[in-house]
Number of protein chains: 2
Amino acid sequence: MTLPPEFSLIARHFLPLAGAGALALSDDAALLTPPPGRELVLAADAMVAGVHFLEDDPPETIGRKLLRVNLSDLAAMGADPLAYLMTIALPHGTADAWVAAFAAGMALDQAEYGLAVLGGDTVSTPGPLTLSLTILGVVAPGAALRRNGARPGDELWVTGRIGDGVLGLAAARGQLADPDGCFATRYRLPTPRLAEGRALRGIATACMDVSDGLVQDLGHLCRASGCGAVLRAADVPLGAADADVAMLITGGDDYELLFACRPGTAPPGMAATRIGHFTEGAPTVTVIDAAGQPMSLPRQGWSHL
Amino acid sequence: MTLPPEFSLIARHFLPLAGAGALALSDDAALLTPPPGRELVLAADAMVAGVHFLEDDPPETIGRKLLRVNLSDLAAMGADPLAYLMTIALPHGTADAWVAAFAAGMALDQAEYGLAVLGGDTVSTPGPLTLSLTILGVVAPGAALRRNGARPGDELWVTGRIGDGVLGLAAARGQLADPDGCFATRYRLPTPRLAEGRALRGIATACMDVSDGLVQDLGHLCRASGCGAVLRAADVPLGAADADVAMLITGGDDYELLFACRPGTAPPGMAATRIGHFTEGAPTVTVIDAAGQPMSLPRQGWSHL
C-alpha cells in the first residue's frame, strides 16, 4: 500500500525537521514535557503570498521569514525558543522541488535558532500559498517582558535600524538599487533580536517588536502602558540617509525591539539607540523633527485588514 | 488616535474569547504556566474554504469545525483540552457581521469544551478564507494514547458511526435528502470524542481519529504498529443502510476514534463497535465483505494534496 501524496510529501520533506516529541509526525498530536519551573510563551502568525512576502521569493526564505517573525515575538517577551508547529496551504500543483527547497530553508533556521518542528498540517488551496506558524518559548516565571510597564519619564529605545523592511520590499521588487542585496535580505530574512530580548529581562520596563511600523507600534506600547510618548524622528537610526523619514518610521517588517528603560539606564551590550521618551497623559504619539516641531505623517503604519 | 482596522476588529470580536494568559491579546505573545506534572499534547490543523468546508457554510460553524477537528486530535491521544491559538486569513471585504457570527460560534464551543483562545493573528488574503488552529492539551506522563501499540490478535473498534462526514457533505451541498439537517450538522459540527478518549487511557493499545477515511486511516495505524489488519465492512456501523459501503468507509470527516484493544477487552462506557482485528505481517488493510471475501475499493481515503 503506497502512501497518499500528502503523507509521502510529509515523510520526504518535513520528517527530517521533526524534533523530540513530534513522534515522527505520525501520531495525531505531539507530546512535550514542559521545562520545569518555566512559563510557556506562545505566539502565532500567518503569512500570505503576495501580501506578506512576494510570490516569487525564493522558497528557501519563505518559511524562514515566518519562523523569524514568530521568533521576534519571543524576543519581544524576553523568551527562549522551544519548538513550533506549522500549517501550510500549498497552491495546487506546487512542484516537489519547491517544497524540498522550502524545507531546506527551515532546516537552516532550525539549526540557527535551536528549535525543531513538533507538528502541523499540509493542505492544498486554490488560492495563494498561505502559512501559519505557532511558536513556543520559555521564560522564568514573572520575567517576561510586557508592553504595559512604561512610565512617564522612561526613555524610549530601539535596536538596530528602522526602515530596512520597507526599503527591502522596494529592493526585492526591483524598485530600489540594492547592489549587495542587503536590503532585500533584510526583508526576506529579518533577524529576530533574541539576544537583545534576553539582555533586557529585568532592565526594560516595557518591550515589543516593530512589525507594523515604528509609529503605529509605539502607539500600542503607549496604550498598553497608559502614557503618551514623544518620538524624535531625527534620532531614529535609518538605513538610508536620503530616504523619506516618514516612510521609514511608518513602514513595516523591521522586527527590531522597541522598549522603555528608566531614565539613565542604558540597555547592556547591544546596538540600541535612544529615540524619545514617555509622557504623562493620553496614549498618543507625538513625532517631532530635528527642530522640535511636530511632524504630520500621512499614516501611522501598516494594517493587515 | 483611532485603532487601525485590524486591531479594532480583534478588540471587538476576539478579545471576548481570550483566556487567562492571553494578556488581553495586546502583547507580542501569551503566557501559560503549564499544569505541573503533566505532558503537553499539541496539534495543528488548517482549513480552506471550498476544500475543507463550503464557502457558504454558516460563519457560526466554520471556526467551530476547525476547533473540533483539533479537539478530535486531542481525543485520539486521550488528552484534556487546555487552550488554543488561531490564525485567520480573511478575504478582502469580509463583512464585520460575518466576523461577529464567526466569533459567536467560537464562544459557544469554548464554553462547551472548556477552553479559551491564547492568541493568534488576523490577516487579509486575495484568496479563500483560510484558517489555522493550534491546540494544546494535557495528559498524565506516559498516559497518551499512541498509534504504535496495536499487536497481532488485538481487536479493532470504532466509536459512533462511519460515513456521516461524506453523507453530511452531500447533504450540505443539497445532493442528499436530510430533512432534519442531521447529516449536514455532522459535517459542519463533528463531535470530538473526548470522553471516549479519556476512557480509553490504559485500555486501548493504539488509537487515532478517523479524519481522512476509515480504510486509509487504519493503514496509518497498521504502519505505526507494524502489523496488518482485517476490516469487516459489514460490521462497520453506518448512518445510511442504503448507501454505498465503499464510499462510506473511504470518505472523510468522520472524527470517530479508531482503536485497538486486547482480545476480550471491551471499551468501557461508550458506543463503540468491534469491526475487525490486527494480524501478523505487512502493514496492509484487508477489507472483507459479509461473506468474508476481500473487497476491492476504488480508493482508500482522502488526500489533502
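The numbers here are math on the coordinates, done by the rules we state, and not lab data. Please read these numbers as outputs of a predicted model, since none were measured by experiment. When we count neighbours, we look across all protein chains shown, and the Cβ atoms used for this are built from the backbone with ideal geometry, even at glycine.
Rounded, prolate or oblate: which one fits the stretch B:181-256, using the alpha carbon gyration tensor with axes a ≥ b ≥ c (rounded when a/c is under 1.5, else prolate when a/b beats b/c, else oblate)? If you can, show how the numbers build up before the last one.
Numbers: a/c = 2.02, a/b = 1.24, b/c = 1.63.
Taking the square roots of the gyration eigenvalues as a ≥ b ≥ c, the stretch B:181-256 is oblate.
Hand me the chymotrypsin sites (Phe, Trp or Tyr not before Pro) from the stretch A:208-299 located in a DSSP loop with no more than 15 other Cβ atoms within 10 Å, in residue order please.
Values: sites: A:TYR255, A:PHE259, A:PHE278; in loops: A:TYR255.
Filter output for the stretch A:208-299: empty list.
Near the axis that takes chain B to chain A, which B residue has its beta carbon closest, and at how many Å?
Per the B/A rotation axis, the closest residue of B reads B:GLY127, 1.
Could you give, in nm with one decimal, how far A:GLY181 is from each other copy of that position, shortest first, with labels 7 Å out from Cα toward Cβ?
Its label point is 5.7 nm from the equivalent points in the other copies.
Kindly provide the helix-only [θ] at 222 nm of chain A, computed as the sum of -39,500 (n - 2.57) over DSSP H runs of four or more divided by all residues, to the nearest 500 deg cm²/dmol? All intermediate terms of the calculation are to be shown ahead of the outcome.
On the way: 8 runs with 79 residues, N = 305.
Computed ellipticity for chain A at 222 nm equals -7500 deg cm²/dmol.
Net charge around B:MET86, counting only other residues with Cβ within less than 12 Å of its Cβ (Lys, Arg = +1; Asp, Glu = -1)? It would help to have the intermediate numbers written out before the result.
Working: positive: B:ARG64; negative: A:ASP45, B:ASP45, B:ASP109, B:ASP121.
Net charge in that neighbourhood comes out at -3.
Just to be sure I understand the model, the point goes 7 Å from the Cα along the line to the Cβ. What's the resulting A:ARG173 to A:MET270 distance in nm?
Once both label points are built, they end up 3.1 nm from each other.
Got a sec? Which residues in the stretch B:194-225 would a label at A:LEU15 touch, if it sits 7 Å along Cα→Cβ and we count backbone N under 20 Å?
Taking a point 7 Å out along Cα→Cβ of A:LEU15, the residues of the stretch B:194-225 whose backbone N falls under 20 Å are B:207-209, B:212, B:216-225.
Which distances, shortest first and in nm, link B:ALA111 to the matching position in the other copies, using label points set 7 Å out along Cα to C-beta?
Spelled out, the distances from B:ALA111's label point are 5.2 nm.
Under 12 Å from a label point 7 Å along Cα→Cβ of A:ALA100: give me every residue in the stretch A:7-33 with its amide N that close.
What the label zone holds, given the 12 Å backbone N cut-off, is A:12-13.
Test of understanding: in a Gaussian network model of chain B with alpha carbons linked when under 10 Å, which of B:THR265, B:THR185, B:THR250 would top the mean-square fluctuation ranking?
Among B:THR265, B:THR185, B:THR250, the largest GNM mean-square fluctuation belongs to B:THR265.
Which value in nm describes the separation of the simple spin-label points at B:ARG299 and A:ALA143, placed 7 Å from the Cα toward the beta carbon?
5.1 nm
Round to the nearest 10 and give me the degree value, 0 to 90, for the angle of helix A:59-76's Cα axis relative to the longest principal axis of chain A.
With both axes taken from Cα atoms, the answer is about 50 degrees.
Could you point to the residue in A:LEU231, A:SER132, A:GLY21 farthest towards the positive end of chain A's charge dipole, with +1 and -1 charges on the Cβ of Lys/Arg and Asp/Glu respectively?
A:LEU231
For chain B, find the longest principal axis of its Cα atoms and tell me its angle to the long axis of helix B:96-113, 0 to 90°, nearest 10.
Orientation of helix B:96-113: about 50 degrees from the principal axis.
Comparing A:SER211, A:SER26, A:SER132, which has the greatest mean-square fluctuation in the GNM of chain A with Cα pairs linked when under 10 Å apart?
Answer for the Gaussian network model of chain A: A:SER26.
Hey, for B:ALA195 with labels 7 Å out along Cα-Cβ, what do the inter-copy distances come to in nm, ordered shortest first?
Ordered by increasing distance: 5.6 nm.
Of A:LEU169, A:LEU32, A:LEU54, which is the most mobile in a GNM of chain A whose springs link Cα atoms less than 10 angstrom apart?
A:LEU32
Within a Cβ distance under 12 Å of B:ALA24, other residues only, what is the Lys/Arg minus Asp/Glu net charge?
On the way: positive: A:ARG146, A:ARG147, A:ARG223; negative: B:ASP27.
Spelling it out: positives minus negatives among the neighbours equals +2.
Take every Cα-Cα distance within chain B, group them into 10 Å bins from 0 onward, and report for each bin the whole-number percent of pairs it holds.
In whole percents, the pair-distance histogram is 6, 26, 32, 23, 10, 2, 0, 0.
Please get the size of the charge dipole for chain B, origin at its Cα centre, with Cβ charges of +1 on Lys and Arg and -1 on Asp and Glu, quoted in debye to the nearest 20.
740 debye
Which angle between 0 and 90 degrees, to the nearest 10, do you get for helix A:214-225 versus the longest principal axis of chain A when only C-alpha atoms count?
Its long axis makes an angle of about 80 degrees.
Quick check for you: which residues of the stretch B:265-305 have the amide N under 17 Å from the point 7 Å beyond the Cα of B:ALA241 toward its beta carbon?
Inside the label zone: B:290.
Place the peptides B:140-147, B:122-129 in order of packing, highest mean first, counting for every residue the other Cβ atoms within 10 Å and averaging per peptide. Mind dumping the intermediate values first?
Numbers: B:140-147: 18.1, B:122-129: 20.2.
Ranked by mean Cβ neighbours within 10 Å, highest first: B:122-129, B:140-147.
So, with +1 on the Cβ of K and R and -1 on the Cβ of D and E, and no other charges, what is the size of the charge dipole of the stretch B:5-139 about its Cα centre, to the nearest 20 debye? Could you put the intermediate results ahead of the total?
Values: 5 positive and 15 negative charges, 34 e Å.
Result for the stretch B:5-139 is approximately 160 debye, rounded to the nearest 20.
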